[in-house]
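Before any comments, here is the structure.
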Ligand code: ADP
């Protein structure tokens, strides 16, 4: 019996809280990052990119310093990049100089002495000098300039000063536009984030919350709870699974109760009989007859069967049974089992088999399968008291079927009869000895053997139970 555990109130944050927090944080972080990158870091980024560009140009130029077509290479660079390039020697004598446009240039306005000083200054700094030059030269365009200078000694031993000047568009107006844009964006994004943080978690969490309540009911042993199959796919799938589980639990619980009632009844009846007859035989010497002894033996046999069934099934289901497969004659084995029914004189057991068939299986267990099926057929047999068996070879498999002409099984019960403890006729009839375990044992044994099984039944006309096993070759 499933016992409901006392549920301690959980102090953890719920799905809704977690999701709301997540969405809220996400919106905040997104807005914050947008501000930082677009406004505060835009300038430094832009300058860093420009500096890297100047560095690439200077490196291209430095590689050509000793080349005879330095001039054309320099022109080419100017045309391609729009930067001013300038090369002088260590004394400030201009060596190569191109630029477009020249008007804002700083380096072109320098005298030889200033260039010479610049050379020394750059050298002092380890050969590299960068500066943002915010000159608004008279008549200039008012652009910022990036002044990038390097000193190098060429392979042929000449000292050179290489200067690259590129225009840096002032960012102030861009940043202003972006700020307004970002403000608008923030005003839209934050309320939207709040809306999402409230709405989505509610939508997602609602079915979960309801399911949680129902599940608590289930834990308390209320198997009638229903889980609403709606919401997101996973959630509705979970609900469907829980509904299925609840259904199965309730079925098992019902069967368990019934079994307990049946088993105690089944145990008590033979015990009462045994005790009663034994007492009569003890007290009344005349009653000590072979018939009475036989009744005691029969009743003890019933008890034995019941206990064996219960043990077998629990072992099969626990998976502790080790099969002992061996090659044996299935046809012969069926004949042998039918032989044991000889004492039921008013029943007939016709068996149709065209040839003897061998299988590799656990003989004892397969005999039990045949025995259970024949037993059921005898118990539920019709007026003609005939239980017919057939053996057919189908490809490389053999099928054994057991038919009776009894009352049959309703179509909607055909699935359930294989469940343990299940009985179509819930009313307990002593003439129909049974615990509802026989078919469950059949099913378990055949599953272990990789066999197949089934039933065809028609109400009022009878049932045919069958099972199939792989055949073994005729010769061992
Ligand atoms: P039981 O011990 O009650 O026979 P089983 O597991 O063997 O248990 O069978 C389960 C139920 O299936 C039976 O209670 C009965 O209602 C039904 N059943 C089994 N075999 C037959 C049959 N040959 N004819 C009609 N009903 C059958």
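What's the extension gain from residue 25 to residue 180 if we count 0.36 nm per residue and subtract their Cα-Cα distance? Numbers along the way, then the final one.
Numbers: separation 155, 0.36 × 155 = 55.80 nm, distance 2.30 nm.
Full-extension gain reported as 53.5 nm.
Normalised by the number of residues in the range 232-315, the average gap of Cα pairs under 8 Å and 6 or more apart makes the relative contact order 27 percent. The long axis of helix 112-124 is offset from the longest Cα principal axis of the chain by roughly 40 degrees. Computed on the range 199-246, with alpha-carbon pairs under 8 angstrom and 6+ residues apart, the relative contact order is 33 percent.
Could you grab the Rg to Rh ratio for the chain? Cα atoms only, Kirkwood for Rh. Don't skip to the end; give the middle numbers.
Values: Rg = 47.9 Å, Rh = 32.9 Å.
Using Cα coordinates only, the ratio equals 1.46.
Hydrodynamic radius of the range 217-277 by the Kirkwood approach over all distinct alpha-carbon pairs: 14.2 Å. Calculated on the alpha-carbon coordinates, the convex hull of the range 52-100 measures out at 72 cubic angstrom per residue. Distance between the modelled labels on residue 128 and residue 281, one decimal in nanometres: 11.2 nm (7 Å Cα→Cβ projection).
Arranged from fewest to most other beta-carbon atoms within 10 Å of their beta carbon, 273, 211 become 273, 211.
Using the count of nearby Cβ atoms within 10 Å as a rough guide to exposure, how do 449, 265 rank from fewest to most?
Numbers: 449 20, 265 11.
Least to most surrounded, the residues fall as 265, 449.
Calculated from DSSP H runs of 4 or more alone, at -39500 (n - 2.57) each and per residue, what is the 222 nm mean residue ellipticity of the chain, nearest 500? Value at 222 nm, helices only: -17500 deg cm²/dmol. Relative to the longest principal axis of the Cα atoms of the chain, the long axis of helix 42-63 lies at roughly 70 degrees.
Here the range 240-319 is described by how far its Cα atoms reach on the three principal axes: 67, 24, 13 Å, from widest to narrowest. Working ranking of peptides 367-375, 171-179 by packing, defined as the average number of other Cβ atoms within 10 Å per residue, highest first, is 367-375, 171-179. Measuring how big the range 158-216 is from its alpha-carbon positions, Rg and Dmax come out at 26.9, 88 Å.
Sequence gap at least 6, Cα distance under 8 Å: using those rules, report the relative contact order of the range 13-105 to the nearest whole percent.
Details: 46 pairs, mean separation 13.3, N = 93.
With pairs under 8 Å counted, the relative contact order is 14 percent.
Relative to the longest principal axis of the Cα atoms of the chain, the long axis of helix 330-339 lies at roughly 40 degrees.
Read-outs throughout are calculated quantities, based only on the coordinates presented, and are distinct from any laboratory measurement. Quick caveat: nothing in here was measured; it's all calculated off a predicted structure. FYI the Cβ positions are ideal-geometry reconstructions off the backbone, even for glycines, and counts take in every protein chain you see.
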